[in-house]
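Data block below; observations after.
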């Protein structure tokens, strides 16, 4: 199904992005990763407009078309106390502007049956203190998803994934760390990569404009003192 398809993945050098890149390669796709870390298809900063343009040109010049665009690159996480204007703006350029602009740059290159998958976060609906730059970017990409799905109707399907707690080192947790989640474990990058692959497949052909939260049920469970091994620590 994915043999010789062209998959563009942002932030694909490590973590979730790396897992997504690897699973697409295993399925036979040509993978074009852009990341600030060297060694992939293209090295560059997604916050820079000219970098996005040069990257898009290289993809199209190399393969002629794009089948899948997975916007995964990680925005910086800073809070209201320490986040400068420039920090906040940079996070939005990486997390929202780059996915929008890459979609625009690839508009004429998307193949029949093309799909876009945006990696959001469960923080698009819940927050910790001092996470404003990251949370705003993730909320933005979730909203951008359904806007693009409507604008690209009949041309490109657009969906997003909102991961919860994902351990990029594949560590297995026990005790309250695991029990606080209805699935009784912490997630790993393959939980997200498998869904990204599915959303790009023909099997997901009737899923469009959707946000799928993959968090082991964490956002559905209310936790109070004494629940799941968690105790309130009153200073």
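Values quoted throughout were computed directly from the atomic coordinates according to the rules given, and no laboratory measurement underlies them. Since this is a predicted model, take the numbers as computed values, not measurements. No Cβ is skipped: glycine too gets one built from the backbone with ideal geometry, and neighbour counts run over all protein chains shown.
Please report, to two decimal places, log10 I(q)/I(0) for the range 1-123 at q = 0.15, 0.17, 0.18, 0.23 Å⁻¹ as given by the Debye formula with identical point scatterers on the Cα atoms and no solvent.
Calculated log10 I(q)/I(0) at the listed q: -0.65, -0.82, -0.91, -1.43.
Express in nm, to one decimal, how much length is gained between residue 58 and residue 25 on full extension, taking 0.36 nm for each residue of separation and deducting their alpha carbon distance.
10.0 nm
Principal axis lengths of the range 6-229 from Cα atoms, whole Å, largest first?
Here the spans come out as 58, 42, 35 Å, largest first.
Calculate the length of the line joining the C-alpha centroid of the range 170-235 to that of the range 125-153, in whole Å.
Computed from Cα coordinates, the inter-centre distance equals 18 Å.
With runs of 4+ DSSP H residues as the only contributors, calculate the mean residue ellipticity of the chain at 222 nm using -39,500 (n - 2.57) per run, divided by the residue total and rounded to the nearest 500. Could the numbers behind the result be given before it?
Details: 7 runs with 79 residues, N = 235.
Theoretical 222 nm ellipticity from helices: -10500 deg cm²/dmol.
Using alpha carbons only, how many degrees (0 to 90, rounded to 10) separate the axis of helix 132-151 from the longest principal axis of the chain?
Rounded to the nearest ten degrees, it is 50.
Where does helix 15-26 land angle-wise versus the long Cα axis of the chain, in degrees 0 to 90, nearest 10?
Helix 15-26 and the main axis of the chain meet at about 50 degrees.
In nm, to one decimal, how far is the modelled label at residue 143 from the one at residue 168, with both set 7 Å along Cα→Cβ?
Reported label-point gap for residue 143 and residue 168 is 2.7 nm.
Which whole-number percent gives the relative contact order of the chain, counting Cα pairs below 8 Å spaced six or more residues apart? Walk me through the intermediate numbers first.
On the way: 475 pairs, mean separation 43.4, N = 235.
18 percent.
Order by neighbour count: 108, 176, fewest other Cβ atoms within 10 Å first, most last.
By the 10 Å Cβ count, ascending: 108, 176.
What spacing in nm lies between the two simple spin-label points modelled at residue 107 and residue 130, each 7 Å away from Cα in the Cβ direction?
Going from the residue 107 label point to the residue 130 one covers 4.2 nm.
Determine, for 219, 51, the number of other Cβ atoms within 10 Å of each Cβ, and report the residues in order from fewest to most. Present the calculation step by step, with values, prior to reporting the outcome.
Details: 219 14, 51 17.
So the residues, fewest neighbours to most, are 219, 51.
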